[in-house]
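Structure first, commentary second.
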Amino acid sequence: MSNADLILGVDPGYSGALAWYDCRNHRLVHVTPMPLKPETGSAAELFGAAKPASGGGRSVVDGDELAREIRASGPLRAVVMEHVASSPKMGVTSAFRFGQGFGVLQGVLAALGHTPRLVYPNVWKTSLNLSSDKSKSTAAAITLFPEWSDTFRRGAKSADLAEAALIAYYGRVFVAK
């Protein structure tokens with residue numbers, strides 16, 4: 001992945017993903033889940049509060065790893081990222097964390113000199129004749145990129161990989177003509 005004919009598609013969020021589409025060869029070249037790392041430095045951790053009873057900790061977007069992955073891909077023709085917002089169904093903490101992850105993505109992209117083209121889900125999905133049904137996105141990605149079908153069939157989180165791939169493809173067809 002070392003030419004300026006790559007489009008990076010980004011499905012933001014903690015279960016999101018990144019996908020690189022090669023415009024010259026008309027193929028998907030790489031798909032990866034959003035890089036995450038354990039949250040550190042929280043007030044609870046700093047003041048010695050116990051970890052949650054479940055034993056789990058929270059994850060945050062790993063900005064360093066995200067930057068490494070994007071830098072390693074080489075020059076990009078465009079970055080297309082789904083424009084997201086909090087949902088009324090989200091709690092305050094969830095909405096804040098979601099926005100925080102979106103901000104890390106924007107900050108890393110800006111630091112690397114990329115201004116993402118933000119596209120609302122209903123715009124890119126309608127353009128590709130899709131709905132909000134993630135299983136339809138997965139099926140479309142498998143049809144467009146059959147060599148990635150095993151990746152897109154791995155379970156619930158694979159739908160986010162498929163959607164990142166479709167966002168990159170959308171970028172090729174509708175943004176970076």
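Out of all the residues in region 73-110, which are charged (D, E, K, R) and loosely packed, with under 14 Cβ neighbours inside 10 Å?
Here is the first cut: in region 73-110, the residues charged (D, E, K, R) are 77, 82, 89, 97.
Selection gives Lys89 alone.
List every residue pair whose Cβ atoms sit under 7 Å apart, with the two residues 6 or more apart in sequence or on different chains, where the first one lies in region 133-147 and is outside any helix (DSSP H, G or I) and the second, anywhere, is hydrophobic (A, V, I, L, M, F, W, C).
Final answer for the pair search is Phe145/Leu28; Phe145/Ala165.
Given the criterion surrounded by 15 or more Cβ atoms within 10 Å (Cβ to Cβ), aliphatic (A, V, I, L, M) and at pLDDT below 95, identify the matching residue among Leu18, Leu36, Leu46, Leu66. Spell out the reasoning first.
Values: Leu18 fails: at pLDDT below 95; Leu46 fails: surrounded by 15 or more Cβ atoms within 10 Å (Cβ to Cβ); Leu66 fails: at pLDDT below 95.
From the options Leu18, Leu36, Leu46, Leu66, the qualifying one is Leu36.
Could you tell me whether Val119 is over 17 Å from His30 (Cβ atoms), at pLDDT below 95 and surrounded by 15 or more Cβ atoms within 10 Å (Cβ to Cβ)?
no
Name the one entry in Val123, Val104 that is in a helix (DSSP H, G or I) and within 14 Å of Met34 (Cβ to Cβ).
Details: Val123 fails: within 14 Å of Met34 (Cβ to Cβ).
It is Val104.
Tell me the residue from Ala85, Ala95 that is part of a loop (DSSP other than H, G, I, E, B) and within 15 Å of Gly13 (Cβ to Cβ), please. I'd like the intermediate steps shown before the answer.
Numbers: Ala95 fails: part of a loop (DSSP other than H, G, I, E, B).
The unique qualifying residue is Ala85.
Would a scan of region 107-127 turn up a residue that is farther than 14 Å from Gly9 by Cα and within 15 Å of the chain's Cα centre (by Cα)? Show your work before the answer.
The initial filter retains those residues of region 107-127 that are farther than 14 Å from Gly9 by Cα, namely 107-108, 110-113, 122-123, 126-127.
Add one more test, that the residue is within 15 Å of the chain's Cα centre (by Cα), and what stays is 107-108.
The answer is yes; a qualifying residue exists.
The values are calculated or read from the model by the stated rules, or taken from the named source; none is laboratory data. Predicted model only: the values in this text are computed from it and were never measured. Cβ coordinates were reconstructed from backbone atoms using ideal geometry, including for glycine residues, and neighbour counts include every protein chain displayed.
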